[in-house]
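Coordinate-derived values only; no laboratory data. Note that the structure is a prediction, hence the values are computed from the model and not measured. Glycine gets a Cβ as well: all are built from the backbone with ideal geometry, and neighbour counts include every protein chain shown.
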Amino acid sequence: MKQISTFGSSSYQISDLQLLRNSDDDAAVARLLANCPIMQLEAEEAVTEASRARLYILLRGALSVANDTRTGMADGTISKILPGESVGEQSVLDEETNLSSITALERSEVLVVEADLVWQLIDESNVLARNLLRLLSFRIRAANAQLRRRQKLGEFYRQLSMIDGLTGLYNRAWLNDLLPTMVATAHGSNAPLALIMIDLDHFKKFNDSHGHLAGDEALRSAAQVLSGALRPTDFAVRYGGEEMMVLLPDTNGKVALAVAERLCERMRQAEVFDGVRAGGVRQPLPHITASLGVAILQPQQSEHDLIQAADAALYRAKELGRNQVAA
Ligand SMILES: Nc1nc2c(ncn2[C@@H]2O[C@H](COP(=O)(O)OP(=O)(O)OP(=O)(O)O)[C@@H](O)[C@H]2O)c(=O)[nH]1
């Protein structure tokens, strides 16, 4: 980076500098800038002493600015600065180190304005203050818009991380997040909460006989039975390998048992097909069955104990011969 002239001895005009455009008195502003150096950078050359609080106004070429490279706040944003635009306003206003790293994308010429002079310009000509306010307001709006986009994206990924990839049901992370709240809500409002634990029968044998991929298809069919048979206020969760769970808010024991019976029947009737074969023909596989255990949240009961109660009921259904419901 080498000095090639000063603003006063160059042919650049105040109108070339966005931050100083539309002043009442260009000549007065030009006088203040007269001794400011114009530095030349070769392509890929970095601005030296970029950390000093200074204003850099690009006159020719293009700069790349990577934000906040050393604070850990770096968000990977890289901006391209074009002639007339500036870098470093924020650090001058904050009287802090400039944490951007500035590099020339091609041979460039940069006007360097020291922080003291920026303040003098603000004091003596309100054009800089006015343009700075406009610029900062634009940046706040852009930053807010970016923040909103990121929040949306974050929420999207958060929700995605709560869904089981194979079945599309909620996963264990969702359960850990939501069940304590559901239990607390039920206790708080004295409303019943039912939990049905579902486990496919002899699933190991199914896998062994038809292959793991067919087993996956069976899990998907079972999940479809659950999602297709529930009210919008109910939730179906893949609890573990071939264990699933249904949560029914505002549902008493009698109704929960009826729902479990319905699920058991639909599970029995669900068709499972092999994966797509050559020629597109999908082979039907033997039907799967499931055992279901029903539990209703008792006063003072924790979510952990509620799950255990449903698990114990499921165990009884298995003991009684599988393909049935127990409470
Ligand atoms: N295909 C497939 N199989 C799975 C998946 N998760 C767990 N399994 C299988 O599910 C089987 C569960 O077997 P077990 O726990 O012995 O129970 P089971 O054979 O269903 O017998 P019972 O529950 O007593 O009726 C195991 O063979 C697991 O490998 C999965 O995502 N896909």
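With neighbours defined as other Cβ atoms within 10 Å of a residue's Cβ, the residues His210, His202 order from fewest to most as His202, His210. Let me know the shape class of the chain, please: from the alpha-carbon gyration tensor, a ≥ b ≥ c as square roots of the eigenvalues, rounded when a/c is under 1.5, otherwise prolate if a/b is greater than b/c, or oblate. It comes out prolate by the Cα gyration axes.
Rounded to the nearest 500, the 222 nm mean residue ellipticity of the chain from helices alone is -14000 deg cm²/dmol, with -39,500 (n - 2.57) taken per DSSP H run of at least 4 residues.
Candidates Leu55, Ile163, Ser23 compared by Cα position along the dipole of the chain: farthest toward the positive end lies Ile163, with charges placed on Cβ.
Bridgeable aspartates and glutamates around Lys2 (alpha carbons under 19 Å apart, same-chain partners fewer than 8 residues away excluded): Glu42, Glu44, Glu45, Glu49, Glu106, Glu109, Glu114. For the chain, the share of DSSP beta bridges that are antiparallel, to the nearest 5, is 95%. What's the angle, to the nearest 10 degrees (0 to 90), between helix 115-124's Cα axis and the longest principal axis of the chain? Taking the Cα atoms of the chain, the angle to 115-124 is about 70 degrees.
By the beta-carbon count within 10 Å of each Cβ, the least crowded to most crowded order of Tyr157, Tyr12, fewest first, is Tyr157, Tyr12. Note on Asp305, Asp234: ascending count of other Cβ atoms within 10 Å places them as Asp305, Asp234, the fewest first. Fully extending the segment from Arg52 to Arg149 would add 31.7 nm, taking 0.36 nm per residue of separation and subtracting the current Cα-Cα distance.
Temperature 25 °C, viscosity 0.890 mPa s: under these conditions the Stokes-Einstein estimate for the stretch 248-326, based on its Kirkwood radius over C-alpha pairs, is 171 µm² per second.
On full extension, the segment bounded by Ser9 and Asp177 gains 53.8 nm, given 0.36 nm per residue less the C-alpha separation. For Leu219, neighbours were defined as the other residues whose beta-carbon sits under 12 Å from its Cβ, and their charges (Lys and Arg +1, Asp and Glu -1) total -4. Most simply put, the stretch 150-252 has about 90% antiparallel DSSP beta bridges, counting only bridges with both residues inside it. Distance distribution P(r), the stretch 2-152, all Cα-Cα pairs, bin width 10 angstrom from 0: 11, 41, 36, 11, 1, 0 percent.
Stretching the chain fully between Arg139 and Gln269 yields a gain of 40.8 nm (0.36 nm per residue, less the alpha carbon separation).
Please check which bits of the stretch 280-304 a label hung off Asn190 would reach, taking the label as a point 7 Å along Cα-to-C-beta and the cut-off as backbone N under 15 Å. Under 15 Å, as judged by backbone N against the label point of Asn190, lie 299-300 of the stretch 280-304. Candidate cross-link partners of Lys204 among the lysines, defined by an alpha-carbon separation under 27 Å and a same-chain spacing of 8 or more, comprise Lys318. Can you give the percent of C-alpha pairs in the stretch 172-326 whose distance is more than 20 Å? That fraction is 48 percent. Note on Lys205: aspartates and glutamates with a C-alpha under 17 Å away, same-chain residues under 8 apart excluded, are Asp216, Glu217, Glu242, Glu243, Asp274. Take the alpha carbon atoms of the stretch 234-255, find their center, do the same for the stretch 30-48, and report the distance between the two centers in whole angstrom. Each part's Cα centre sits 68 Å from the other's. As a length-normalised measure over Cα pairs under 8 Å and 6 or more apart, the relative contact order of the chain settles at 14 percent.
Karplus-based coupling profile of the stretch 246-262, in residue order and whole Hz: 10, 10, 10, x, 6, 10, 8, x, 5, 5, 4, 5, 5, 4, 4, 4, 5, with θ = phi - 60° in 6.51 cos²θ - 1.76 cosθ + 1.60 and x standing for Gly or Pro.
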